[in-house]
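Data block below; observations after.
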């Protein structure tokens, strides 16, 4: 019987670095986690390589996939502010030297998440779909015609005009942004998005006014994505999404009102299947995809 393919999945976040050995069913066979190395690309690679050797036991691996919290274009890591790599860093030559003949694929974490949801998760079978995370920031990844779109797609960084000034979208509409928005409108007692949505559930009039502003702006943002990419569905996750009972219906309704005249697919928001392990599974998915080429 043919042996199952085994790949290395590297999940490089701003806080933690996880490296796992994963099989072709996305089952995690072995995993290690350490604090993320920041400000030194070579040292980051050395730690990753040591963890790869540890989880693989030195045995043969079919390919390597890496999900990273920053800009990646054509396997080249660009600016990763959370990692202290302002000028980027090219890890591929180091991987090729350490693991010759092993395919390597590196991609932005939201793009990886979009791909794993399209291949194995809630968007399985859809040709055009997206992934959205709304937490301390806002992330977006895209799959078009069944393939991950390998572009930066920093959709959370799109600009929006508010109170006479321009802001990045996520600075107003993410979990942290929502707190900032609440304070701007006089709700200084709000300390978290979860607290804010609790107040909305209770019928707090002041918070309801903030909510109306927040969900309208988020709906506009989502509508613009739909007008550009016409996704059949979006897999959604993140801390703010835990309060979806308050806003998911309103968000889809607002976005769909903007795109209705274009006869595109309606905006459909689905619970992402991969949550805590999305970084590992997303990296494994792109690693497995390299073997199909």
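Kindly check whether there is at least one residue in segment 257-267 that is within 20 Å of residue 129 (Cβ to Cβ), assigned to a strand (DSSP E or B), touching a helix residue (DSSP H, G or I) at 6+ places or on another chain (Cβ under 9 Å) and assigned by TED's automatic domain parsing to the domain that holds residue 173.
no
Out of all the residues in segment 220-239, is one or more within 17 Å of the chain's Cα centre (by Cα), without any contact (Cβ under 8 Å) to a residue 40 or more places away in the chain and within 22 Å of residue 137 (Cβ to Cβ)?
no
Pairs please, first residue from segment 189-208 and over 15 Å from residue 247 (Cβ atoms) and not assigned by TED's automatic domain parsing to the domain that holds residue 176, second anywhere and surrounded by 14 or more Cβ atoms within 10 Å (Cβ to Cβ) and at pLDDT 95 or above, Cβ atoms under 9 Å, 6+ apart in sequence or on different chains.
Nothing qualifies.
Just give me the residues in segment 216-239 being part of a loop (DSSP other than H, G, I, E, B) and buried (at least 21 other Cβ atoms within 10 Å of the Cβ), in sequence order.
Listed by number, the list holds a single entry, 231.
Quickly run through segment 104-149 and pick out the residues that are surrounded by 24 or more Cβ atoms within 10 Å (Cβ to Cβ) and part of a helix (DSSP H, G or I).
Once the filter is applied, which keeps residues that are surrounded by 24 or more Cβ atoms within 10 Å (Cβ to Cβ) and part of a helix (DSSP H, G or I), segment 104-149 yields 109, 110, 111, 112, 113, 114, 115, 116, 117, 118.
Could you tell me whether any residue of segment 191-213 is closer than 19 Å to residue 130 by Cβ and either part of a helix (DSSP H, G or I) or out of contact with any helix residue (DSSP H, G or I) (no Cβ under 9 Å at 6 or more places or on another chain) (or both)?
Scanning segment 191-213 turns up no residue that is closer than 19 Å to residue 130 by Cβ and either part of a helix (DSSP H, G or I) or out of contact with any helix residue (DSSP H, G or I) (no Cβ under 9 Å at 6 or more places or on another chain) (or both).
Restricting the search to segment 177-191, which residues are farther than 16 Å from residue 162 by Cα and surrounded by 14 or more Cβ atoms within 10 Å (Cβ to Cβ)?
Scanning segment 177-191 gives 187, 190.
Is it true that some residue in segment 58-66 is modelled with pLDDT of 95 or more, in a helix (DSSP H, G or I) and within 30 Å of residue 173 (Cα to Cα)?
Taking every residue of segment 58-66 in turn, none turns out to be modelled with pLDDT of 95 or more, in a helix (DSSP H, G or I) and within 30 Å of residue 173 (Cα to Cα).
Within the set of pairs 6+ apart or on separate chains, which have a first residue in segment 146-166 that is over 26 Å from residue 231 (Cα atoms), a second that is surrounded by fewer than 15 Cβ atoms within 10 Å (Cβ to Cβ), and C-beta atoms under 8 Å apart?
From residues that are over 26 Å from residue 231 (Cα atoms), the pairs are 163/184; 166/159.
Let me confirm something: among 170, 199, which residue is within 16 Å of the chain's Cα centre (by Cα) and surrounded by 15 or more Cβ atoms within 10 Å (Cβ to Cβ)?
170 is the lone residue from the list that is within 16 Å of the chain's Cα centre (by Cα) and surrounded by 15 or more Cβ atoms within 10 Å (Cβ to Cβ).
Those residues that are farther than 30 Å from residue 66 by Cβ and assigned to a helix (DSSP H, G or I), I need them from segment 150-172; list them, please. Give the steps one after another, and end with the answer.
Start the filter on segment 150-172 by keeping residues that are farther than 30 Å from residue 66 by Cβ, which leaves 160-167, 172.
Selection gives 172 alone.
Determine the pairs where a residue that is in contact (Cβ under 8 Å) with a residue 12 or more places away in the chain, located within segment 41-52, has a partner that is part of a helix (DSSP H, G or I) with Cβ atoms under 7 Å apart, the partner being 6 or more residues away or on another chain.
45/94; 49/98
The values are calculated or read from the model by the stated rules, or taken from the named source; none is laboratory data. What you see is a predicted model, and the numbers here were worked out from it, not measured in a lab. Heads up, the Cβs are rebuilt from the backbone with ideal geometry, glycines too, and the neighbour counts pull from every protein chain shown.
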